[in-house]
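The values are calculated or read from the model by the stated rules, or taken from the named source; none is laboratory data. Owing to the predicted nature of the structure, the values given are computational and were not obtained by experimental measurement. So basically every Cβ, Gly included, is an ideal-geometry build from the backbone, and we count neighbours across all protein chains shown.
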Amino acid sequence: MPTVTIRDVAKRAGVGVGTVSRVINSSPSVSDETRRRVLATIEKLDYSPNPIARRLSLGRTLNIAVIVPFFTRPVFVERLRGIENALAQSEYDLVLYNVETTDRRDACFRETPRPERVDGLLIISLSPLDRDVERFLRAEVPTVLIDARHPLLHRLTIDDAEGGRMATEHLISLGHRQIAFIGDYLENPFGFASSRERFEGYYQALELAEIPFQTAFLKQGEHGQLPARSLALELLTAPDPPTAIFAASDTQAIGVLSAARDLDLAVPEELSVIGFDDIEVAEYLHLTTMRQPSFAIGVEGAHILMDLIARPDSPAQEVPFTTELISRSTTAQLCRN
């Protein structure tokens with residue numbers, strides 16, 4: 001069966017090729033009657049525009065790039081699911097750049113924001129430096145940050161410090177005073193800020209409750225279940241162990257639960273554990289956690305970027321998102337002997 005071309009549509013609809021192109025590209029310069037006739041012909045002939053030709057006719061790539069670190073981590077997967085969900089209902093294709101080294105990050109920041117490659121850029125959890133932002137602005141590639149910050153760019157943010165404070169206050173309200181914190185390295189080459197800000201919230205909650213901060217109760221390490229398990233074992237086998245642990249992510253909280261099983265510690269009777277993110281497995285494990293709306297952030301980030309592509313002169317804005325305490329069965333009132 002021969003391929004239907006734009007010329008076939010034009011001939012059958014009794015219009016020029018340029019008119020068909022304007023209808024396909026939603027140009028307002030076509031009358032309603034002509035538009036209806038062309039669209040009916042397109043449907044009748046089952047015509048599908050050549051995507052390369054369409055891109056050339058629009059002078060756009062119809063690609064949106066997403067730069068994301070360690071994209072297999074559950075919280076990043078949820079953000080990507082939200083972005084993909086929003087873009088699936090648009091004309092844009094998603095191009096994913098995974099970042100696992102600082103060199104790769106720098107290369108993506110340097111090479112990706114080019115108008116011949118992408119129409120817009122979403123950056124997840126990687127805050128660009130001033131020199132990077134200058135490059136984005138020079139290239140005139142609309143850019144939106146998700147869980148990252150720069151005052152010259154549109155950004156969607158989570159109040160991690162507030163979430164950390166709420167998580168710790170939950171444990172304090174249950175009578176705990178020996179509360180430890182397990183998170184990523186607070187200072188890291190990627191500039192990730194979430195663990196540091198969640199620790200700041202933890203520290204603030206202790207201070208407000210007049211509970212002395214114990215440096216031995218701060219444990220930092222690589223992100224993951226196994227590193228968190230090792231850190232939790234160090235805490236729980238110490239002479240004066242904590243009665244509760246706030247993990248900066250659900251992934252790390254799962255490592256803490258594993259350490260508790262290794263030591264035959266009953267959760268929550270002997271140890272309360274709270275995480276952060278509310279990833280899918282958290283509900284299955286009945287993990288108390290701080291929920292952040294990762295999917296919704298991805299959806300909103302994609303919508304803001306598409307609006308920005310249409311109106312590139314829109315002033316930079318920050319869209320804050322809040323966290324929510326989800327109380328399940330890994331935290332409980334402290335049992336006093």
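So how many residues does region 155-186 have that are surrounded by fewer than 22 Cβ atoms within 10 Å (Cβ to Cβ) and under 24 Å from residue 122 (Cα atoms)?
The qualifying residues number 3.
Any chance you could count how many residues in region 97-114 are exposed (fewer than 14 other Cβ atoms within 10 Å of the Cβ) and outside any helix (DSSP H, G or I)?
Residues flagged as exposed (fewer than 14 other Cβ atoms within 10 Å of the Cβ) and outside any helix (DSSP H, G or I) within region 97-114 amount to 2.
Which of the following residues is within 21 Å of residue 189 (Cβ to Cβ) and either outside the structural domain of residue 223 (by TED's automatic domain parsing) or without any contact (Cβ under 8 Å) to a residue 40 or more places away in the chain (or both): 151, 128, 74, 115?
Numbers: 151 fails: within 21 Å of residue 189 (Cβ to Cβ); 74 fails: within 21 Å of residue 189 (Cβ to Cβ); 115 fails: within 21 Å of residue 189 (Cβ to Cβ).
Unique residue meeting the criteria: 128.
Could we say that residue 25 is under 25 Å from residue 115 (Cα atoms), at pLDDT 90 or above and among the polar types (S, T, N, Q) here? Talk me through it step by step, then tell me what you get.
Values: under 25 Å from residue 115 (Cα atoms): yes; at pLDDT 90 or above: no; among the polar types (S, T, N, Q): yes.
No: the conditions fail for residue 25.
If only one of 302, 248 is under 11 Å from residue 182 (Cβ atoms) and buried (at least 24 other Cβ atoms within 10 Å of the Cβ), which one is it? Explain how you work it out, then say what you get.
Details: 302 fails: under 11 Å from residue 182 (Cβ atoms).
Testing whether each residue is under 11 Å from residue 182 (Cβ atoms) and buried (at least 24 other Cβ atoms within 10 Å of the Cβ) leaves just 248.
Return the pairs, sorted by first residue and then second, in which the second residue is among the hydroxyl-bearing types (Ser, Thr, Tyr) and crowded, with 19+ Cβ neighbours inside 10 Å, the first residue lies in region 236-257 and is in the same structural domain as residue 268 (by TED's automatic domain parsing) and over 20 Å from residue 214 (Cα atoms), the beta carbons are less than 6 Å apart, and the residues are 6+ apart or on different chains.
Close Cβ pairs (under 6 Å, with a partner that is among the hydroxyl-bearing types (Ser, Thr, Tyr) and crowded, with 19+ Cβ neighbours inside 10 Å) amount to 250/289.
Given the conditions (1) free of Cβ contacts under 8 Å to residues at least 12 places away in the same chain; (2) outside any helix (DSSP H, G or I), and given that residue 134 satisfies all but one, which numbered condition is not satisfied?
(2)
Determine whether residue 191 is surrounded by fewer than 19 Cβ atoms within 10 Å (Cβ to Cβ), under 17 Å from the mean Cα position of the chain (by Cα), of a type in the set (Gly, Ala, Ser) and within 29 Å of residue 80 (Cβ to Cβ). Can you show your working first?
Numbers: surrounded by fewer than 19 Cβ atoms within 10 Å (Cβ to Cβ): yes; under 17 Å from the mean Cα position of the chain (by Cα): yes; of a type in the set (Gly, Ala, Ser): yes; within 29 Å of residue 80 (Cβ to Cβ): yes.
Yes.
In this structure, is residue 256 in a loop (DSSP other than H, G, I, E, B), among the aliphatic types (A, V, I, L, M), in contact with a helix residue (DSSP H, G or I) (Cβ under 6 Å, 6 or more places away or on another chain) and surrounded by 18 or more Cβ atoms within 10 Å (Cβ to Cβ)? Lay out the reasoning, then the answer.
Values: in a loop (DSSP other than H, G, I, E, B): no; among the aliphatic types (A, V, I, L, M): yes; in contact with a helix residue (DSSP H, G or I) (Cβ under 6 Å, 6 or more places away or on another chain): yes; surrounded by 18 or more Cβ atoms within 10 Å (Cβ to Cβ): yes.
Spelling it out, it is not the case that residue 256 is in a loop (DSSP other than H, G, I, E, B), among the aliphatic types (A, V, I, L, M), in contact with a helix residue (DSSP H, G or I) (Cβ under 6 Å, 6 or more places away or on another chain) and surrounded by 18 or more Cβ atoms within 10 Å (Cβ to Cβ).
Let me confirm something: among 264, 307, which residue is assigned to a loop (DSSP other than H, G, I, E, B) and not aromatic (Phe, Trp, Tyr)?
Details: 307 fails: assigned to a loop (DSSP other than H, G, I, E, B).
Residue meeting the stated conditions: 264.
Kindly indicate which of 302, 282, 332 is over 19 Å from residue 195 (Cα atoms), in contact with an Asp or Glu (Cβ under 9 Å, 6 or more places away or on another chain) and either in a helix (DSSP H, G or I) or not hydrophobic (A, V, I, L, M, F, W, C) (or both).
Values: 282 fails: over 19 Å from residue 195 (Cα atoms); 332 fails: either in a helix (DSSP H, G or I) or not hydrophobic (A, V, I, L, M, F, W, C) (or both).
The match here is 302.
Of all the residues that make up region 40-60, how many are buried (at least 16 other Cβ atoms within 10 Å of the Cβ), of a type outside the set (S, T, N, Q) and at pLDDT 80 or above?
1
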